[in-house]
Amino acid sequence: MWLMTMLWRYVVRHQGAVALGIGAVYFAAYSTLSVLRHRTYHSLGFDLGLFDQIFWNTVQGRPFESTMSQALPMPHSLLGDHFSPGLLVLAPFYAAYPHSETLLVLQTLALASGAWPVYLLARLKLGGAYPLAWVVAYFLFLPLAFINLFDFHEVALAVTPIGFALFFLEKGQRRWFLISLAITFLIKEEMPLIGVGFGAYALLGKRDWKLGLAVVTGSAVAFIAVIQYAIPYFSSGRSYPYISDRYGQVGGSPLGILRTLATDPLRIARAVIQPKKVYFLLGIFGPVIGLSWLAGWASLLVLPTLGYLLLSSYEPQYSFSAQYSAPLIPLVIGTAILGLARLRQSAQRPVIFAVLASSLLFSWAYGDLPFSRKFDYSQFQTDPRYAAFVHRVDAIPADASVSAENGFPSHLSERRYIYDYHFEGAQNAQWVVLDYSGTGHNLATFLDQVAALEAEGYQEVAGGYGLALLRKS
């Protein structure tokens, strides 16, 4: 008992170092798992191959050029699809080792680093041993590991700066708050909507009218400018497609959504209150036992992100196993900390134990950590049928154009012309790699693909069960 007490006191006195140690263990483990998943052919063209090609082109002097983004098979700019100029910060690291693995390791570092602003916020608002408890809750939070093991996505890079934005706002450091928030605007086009939530909190919760109005206005202007002008500029005049495609049922545009909310709120309610969306909300707020909703005006922080996720008709946006929920990681954990801080001190200790217990339970039942009941160990094992085949694929010349299926595009994406066969077809590429896993393991469909390509003048030069490598004659 005495030893345990001394050990606990030591941990509390050095909990910053312990928090960093937990983050380092997570980083080492999930960097390894992410790379292993890729090297065993479980990563995909969308989106690891897509981003790998973009970074490869960038360091070759063709910034943001892609032949897969939006399934457009001609060279074009990613910025005409998603506004992510902040990715340039990673280019020097990619240039040092220009391969997909670099992106996976950098993404893991970005996600692991998100625990530090959580620790700082909990230390600022709670003190004691609570910061370390919240670091544990952060790494157990459902979306984190799923996002980490699902290829590479730019939105994951927003987790840490969003966390710092909340910390600096609570600490009253305006300049650093604004810098952190502005960084997120360079990561993806919907991030300014999150800025509106921060501005509303500063306005109503902090009673900082000048800061609040400036952030709300600036964020709204930034969002409109990116959607209406920046993205169409880089896409040669094409309008931003995702709002009309995914939000048609509730208005199809920002103004249309607001009009629907004012004139037909039941339509909005029907779009939100669906079984899968309720399940998503349970997975997001269950681990923190709903503390985010006890955070007073700070609860406004999560509303914009929840709004654009739940109003969408695109199912991955309201799934905690996809990348779209990444901004909710720091927002939900951060507001839960603020909610706990509003409770009387005598209630805080049992509540934090409940948070840890709930986080552990949700992570075991629904998560993607090695102890989770549905953790898929097969995603780190190479299918035996690839053993001899991949050597022939690796021999494809580096300057050849390639169309590939399933997990192969992300292994062949360090070239100017790479196409995802599932979405773009052969595109008269010099080489085509087919994998029946990309057809849902439908061997008949796979054989039809091979026959169709042979009719177009392709010759099969290597094969395996459900695998084919074809070259243009």
Ranked by Cβ crowding within 10 angstrom, fewest neighbours first, how are TYR247, TYR97 ordered?
TYR97, TYR247
For region 2-366, report the convex hull volume of the alpha-carbon atoms normalised per residue, in Å³, without decimals.
148 Å³
Quick one: order ASP368, ASP151, ASP376 by neighbouring beta-carbon count within 10 Å, fewest to most.
ASP376, ASP368, ASP151
Please arrange LYS206, LYS276 by how many other C-beta atoms lie within 10 Å of their C-beta, fewest to most.
LYS276, LYS206
Run the quick spin-label model on TYR465 and THR217: label points 7 Å from Cα toward the beta carbon, then report their separation in nm to one decimal.
6.6 nm
If R0 = 60 Å, then LEU303 and GLU454, at their Cβ-Cβ distance, give a FRET efficiency to the nearest 0.05 of 0.65
Let me confirm the definition first: pairs of Lys residues in the chain, 8 or more apart or on different chains, C-alpha distance under 19 Å. How many are there?
5
For region 384-472, just list the percent of Cα-Cα distances falling in each 10 Å bin from zero outward, please.
19, 59, 22, 0
Would you please put 142-149, 291-298 in order of how densely packed they are, using the mean number of other Cβ atoms within 10 angstrom per residue and starting with the highest?
142-149, 291-298
Obtain the nm distance between the two label points defined at ARG392 and LEU261 by a simple spin-label model: each point lies 7 Å from its Cα along the Cα-to-C-beta direction.
5.6 nm
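Read-outs throughout are calculated quantities, based only on the coordinates presented, and are distinct from any laboratory measurement. Here the structure is a predicted model, which is why all the values come from computation and not from measurement. Here the Cβ is made from the backbone with ideal geometry for all residues, glycine too, and neighbour counts use every protein chain on show.
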